Amino acid sequence: VQLQASGGGLVQAGSSLRLSCVASGRTDSIDAMGWFRQAPGQERKFVAGISWSGELTYYADSVEGRFTISVDNAKNTVNLHMNSLKPEDTAVYYCGANRQWRMVRIGSRYDYWGQGTLVTVSS
């Protein structure tokens with residue numbers, strides 16, 4: 001499975017941004033997709049996850065109510081809609097693919113990763 005992330009950029013606080021992650025290859029092996037982020041000097045942290053069917057979602061407390069994750073199976077694409085962005089959302093965002101939904105929050109249990117996309121939120 002190959003993952004290609006896109007959509008990062010520089011925005012002002014309060015703005016919205018959409019990140020996309022396109023999966024290719026053996027997508028039939030995917031059970032869940034997740035977004036993680038890594039700020040400078042910090043470890044990579046879970047942001048949001050979705051089952052490949054789209055039926056299940058899970059969010060970190062820090063983004064609950066502001067971010068929405070969705071999947072378009074026809075396009076093998078997972079989107080992360082980010083609203084009301086804050087400076088503390090600034091990070092490199094990574095998408096990952098997991099063979100087990102129950103491991104969606106655990107970065108070390110992801111099987112595939114895309115390259116990161118930088119999101120910078122100015123105050």
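Key figures for this structure:
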{"item": "Amide N of the stretch 32-63 lying under 17 Å from the label point, which is placed 7 angstrom from the Cα of residue 100 along Cα→Cβ", "result": "32-34, 50-52"}
{"item": "Where labels lie 7 Å past Cα in the beta-carbon direction, separation of residue 83 and residue 28 in nm", "result": "3.8 nm"}
{"item": "At R0 = 35 Å, FRET efficiency that the Cβ-Cβ distance of residue 118 and residue 57 yields, to 0.05", "result": "0.90"}
{"item": "Taking the stretch 23-98 and dividing mean pair separation by its residue count, relative contact order in percent (alpha carbons under 8 Å, at least six apart)", "result": "36 percent"}
{"item": "Proximal charge balance of residue 118 [Cβ under 12 Å; K/R count +1, D/E count -1]", "result": "0"}
{"item": "For residue 44, solvent-accessible area (1.4 Å; no DNA, RNA or ligand), Å²", "result": "90 Å²"}
{"item": "Rel. contact order, % - alpha carbon contacts under 8 angstrom, at least six apart, the stretch 1-47", "result": "31 percent"}
{"item": "Cα-centre dipole for the chain with unit charges at Cβ (Lys and Arg positive, Asp and Glu negative), debye to 20", "result": "120 debye"}
{"item": "The chain: proportion of alpha-carbon pairs further apart than 22 angstrom, %", "result": "25 percent"}
{"item": "Karplus (6.51, -1.76, 1.60) ³J(HN,Hα), θ = phi - 60°, over the stretch 16-26, in Hz, Gly and Pro reported as x", "result": "10, 8, 10, 9, 10, 9, 9, 9, 9, x, 7"}
{"item": "Gyration tensor verdict on the stretch 61-121 (Cα atoms; rounded if a/c is under 1.5, prolate if a/b is larger than b/c, oblate otherwise)", "result": "prolate"}
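The values are calculated or read from the model by the stated rules, or taken from the named source; none is laboratory data. Note that this is a predicted model, so its numbers are computed, not measured. All Cβ positions, even for glycine, are placed from backbone atoms using ideal geometry, and neighbour counts span all protein chains on display. Ligands, DNA and RNA are stripped out before the accessible areas are found, and what is left, the full protein with its side chains, is counted by its heavy atoms. Shrake-Rupley method; radii C 1.70, N 1.55, O 1.52, S 1.80 Å.
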